[in-house]
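This is the structure I want to talk about, given as structure tokens.
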Amino acid sequence: MSVLKRITELLRLITSLLFRSVFIYGDIEGRHVPIIINLALLATQILVARGGIERLLVVLASVLLTYVIRGSSKVVAYSSVLALIPSTWYFVVSLPFTMSFLTSALIALRVFTVSLSFLCFFYFLNPVEISFVLRLLNLGNLSLYPVLTWRVIPHVMRDMETALLVGEMKKVEAWKSLAIAVLTTEEYVSLYEEGLFSKPDYKPSYEYSIKHTFITLVVLATLILTLLLC
């Protein structure tokens, strides 16, 4: 298999995994948790993950628990495979310097856990909430863009995946396939710019989920206790 085909397949795999790790399943109830709580959870997970193997396992368990309890257990597989890419790279690169399989494995586990934490945060990030907050801050002119951006990105990624697949079948360079995806993106931009004129006053409505907010707070409190006691 040629290097060109391997690069194209890798780009297509990453694009597909990123799409399935962040943009699938729509506006589920688990995504109706205040962004400030999700951000606090992410920051705490990163701080706890700086410790030893016990702390890493606690953080990993908290991420998996967040996915499962908030109704997105199927996303774990895609996110885990995507997080394995940087963690495997760090394992291979660090091994000649550490000269220890266990030390490099611990580094890879830390990278995997932190990467999965970031993917979890972005998956549960709700663009409607951002628009809602911007509206409350009297930034009505900007409130439409988070929702539009979150809607355009999946279309672009799907088109990119398709363009890379077609390019792979035709055995052409990956950059030519990406160029087609860029042209498609420009068409999307033009269409959405025209659509903006029909929505001069966007008023997003958003409600928080008490159930999932409480669940997230419990996970956050457990991590904070782990940080303080361990």
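Throughout, read-outs are computed from the coordinates displayed, never taken from laboratory work. Bear in mind that the values here come from a model prediction, so they are computed numbers and not experimental data. All Cβ positions, even for glycine, are placed from backbone atoms using ideal geometry, and neighbour counts span all protein chains on display.
Please compute, for the alpha-carbon atoms of segment 1-149, the extent along each of the three principal axes and give them in descending order in Å.
That gives 56, 42, 26 Å along the principal axes, largest extent first.
May I ask for the distance between the Cα centers of segment 19-94 and segment 101-150, given as a whole number of Å?
11
Give, in nm to one decimal, the length gained when the segment between residue 222 and residue 141 is fully stretched (0.36 nm per residue of separation minus the Cα-Cα distance).
Extending this stretch completely gives an extra 25.2 nm.
Fewest Cβ neighbours within 10 Å first, please rank 158, 110, 50 accordingly.
Starting with the residue having the fewest Cβ neighbours, the order is 50, 158, 110.
Quick one: plug the Kirkwood hydrodynamic radius of segment 23-96 (C-alpha pairs) into Stokes-Einstein at 25 °C, 0.890 mPa s, and report D in µm²/s.
My calculation gives 175 µm²/s for D.
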